1. Express in nm, to one decimal, how much length is gained between ILE137 and TRP350 on full extension, taking 0.36 nm for each residue of separation and deducting their alpha carbon distance.
2. Using a 1.4 Å probe, how large is the accessible area of ASP177, given in Å² and rounded to the nearest 10?
3. At 0.36 nm per residue, minus the direct Cα-Cα distance, what do GLU115 and ASN537 gain on full extension? Give it in nm, one decimal, please.
4. Taking one equal scatterer on every alpha-carbon of the stretch 102-248, how large is log10 of I(q)/I(0) by Debye at q = 0.10, 0.11, 0.13 1/Å?
5. To the nearest 20 debye, what charge dipole does the stretch 1-142 have about its Cα centre, counting +1 at the Cβ of each Lys and Arg and -1 at the Cβ of each Asp and Glu?
6. Filter the cross-link list LYS422/LYS477; LYS77/LYS128; LYS62/LYS363; LYS250/LYS278 down to pairs whose alpha-carbon distance in this structure exceeds 22 Å.
7. Hey, if we sort ASP45, ASP352 by accessible area with the 1.4 Å probe, largest down, what's the order?
8. Please list, in order along the stretch 122-134, the HN-Hα scalar couplings obtained from phi with the Karplus expression 6.51 cos²θ - 1.76 cosθ + 1.60 (θ = phi - 60°), rounded to whole Hz, x for Gly and Pro.
Amino acid sequence: PRAGDTPAHIGGTTVFGDNVEDEWFIVYLVREITRDFPGLAARIDDNDGEFLLIEAADFLPKWLNPENSENRVFFYKGELHIIPPSETPEQECDLSAPCPTIPEALALLSTRPKEFLAAEPIRAAVNKRIDGYPEKIQASLHRAHCFVPAGIAAVLRHRPSLLAAAVQAFYLRDPADLRPCRRPFHTFPAEQRVMTVVTFTRCLYAQLVQQKFVPDRRSGYTLPVPSHPQYKAYELGMKLAHGFEILCSKSSKVSPDSKRNVLSGPLWERFLRSLKEKDYFKGELEGSAKYSELLHMAEDFFQHSVTTPESSVEANPGDEILALLQTTSIDLKEFEREAACLPPEDDDSWLDITPDALDQLLKEARNEPLPSADEEEQKYDLAAVAESMKAFVSKVSTHEGAEMPWSSDESHVTFDVDSFTKALDRILGADSEELDSDDLDEEEEFGFSDEDDEDFSAGNQRQDQKVSPDELIGSLKSYMNEMDRELAQTNVGKSFTTQKKGASSVKATRSESAGPDSGAEDPELAPVDVDMNLVANLLESYSAQAGLAGPTSNILQSMGVYLPENTDCSGSSSRAAQ
């Protein structure tokens, strides 16, 4: 019903767990609803916020961010719409404009929907995730043979959706949940088991089959040797039986403490999380007397709110299972006849993925072409690595991250001499500030005297009077060259690759124009080959990743640079650099 400014609407919440495909299937349903009913507008988000925008993050306008996206993203007439801060797209966006209310957004959508249609790349990114539905539903299912109690087979025949609750109960079990499974099962004893076909989603099947679990001997469930042809069916059936038994043990019809069961579901968890977000506990420490008092008040309120049929949102799956068992007849003979002619189960080789297949999936997700191995080996240019890294470090970075150099056509970085000179002024002491305590300590340690300070201040005054950019740059270079001479005799200097005489002759000629302090006249001081060291270090780091994801491959791939596979057994980085 209508509540304040929010008009009457239909809404819902789904706990999709680990299966993100369930979430995108819901997006497909919502989109199709707005297409079949043109008068409807729909918005959808999850615990990450506007996840539709996250999917299309590479194509969003600059003004759009998580802080101003509320009530701006809608499905309308089967298409994604984004309402900008200004009502007309031609106007410049006002980033400080408040988010529209739902009535305001609906009014804009209904009167001028074409103006707010999301850009084609944004719509394409979202549509790519939901392409193939509804046909893709069948591809996400997996049919497997399971040796389960006859009661479970009967329950799943009437309510196959209860399978998800049972898998979740087993997958998220804790020692307290397994307490009823340390004795002969009360609801699903192991004596009445039958072979049947169970239809899982791929996510549920993976959750069940990948968990290693050994049943308690007192439960009555035993497994054959792993080489048994039906070992997997026995193991899956045993795990399902544990999940269903855990659900039934939490039923309010079985447990004497119904309050504990009401407070163990996802609805209570969301209610408690909401209380914490609204500072209901007023900063009290968890477990303190005041916190416990407030918690008991919240539990009583929640219990009275959900026990009435009108307000009960989520039914207890254990209650539903027990109700079905009471009203459903179980014919063991019929199950045995069906077990004799079961259809074959699906191949589960999709659980195993090779590194090459994973790389292909990642590149397809980034919409990047897949070059052949020959092209990578023949046309690969190591200079692209150095140039891409230079372009990356020249980008401006903020608290939101660094802008990646996506295109090689971007203009080169310009050098502002005046700004550089002012920066040097500040570094070299033209605008000197008072020394802090650390500076005073160093002064005493190295024996600086007041006369030194006077000479230094006098020198600064002369520098303020007669300083030029060329002199500043030359002075700085002389400091750097002196430092290079000292470091050249240490292990630090020996760790760098220097330029060869032939390669450095041109640069040496250019450096002579910088003045007598440039250092070009020193034959023993060969300049460091920056590009060579950069590429060699990157290749060494890439080789150390051993084919796995790491900082080098992640940074270079984000800039569109792909290194070929390391085909050498050893010393690949040094030989490639040479």
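The values are calculated or read from the model by the stated rules, or taken from the named source; none is laboratory data. Quantities reported herein were computed from a predicted structural model and do not represent experimental measurements. Cβ atoms come from the backbone with ideal geometry, glycine included; neighbour counts cover every protein chain shown. Note: areas computed on protein heavy atoms with side chains; ligands, DNA, RNA excluded. Shrake-Rupley method; radii C 1.70, N 1.55, O 1.52, S 1.80 Å.
1. 75.1 nm
2. Estimated to the nearest 10 Å², ASP177 gives 20 Å².
3. 146.8 nm
4. For the stretch 102-248, the Cα-only Debye profile gives -0.49, -0.54, -0.64.
5. Values: 13 positive and 25 negative charges, 95 e Å.
Result for the stretch 1-142 is approximately 460 debye, rounded to the nearest 20.
6. Flagged as over cut-off: LYS62/LYS363; LYS250/LYS278.
7. Reading off the accessible areas and sorting them downward yields ASP352, ASP45.
8. For the stretch 122-134, the Karplus curve yields 5, 5, 5, 5, 6, 5, 4, 6, 10, 5, x, 7, x Hz.
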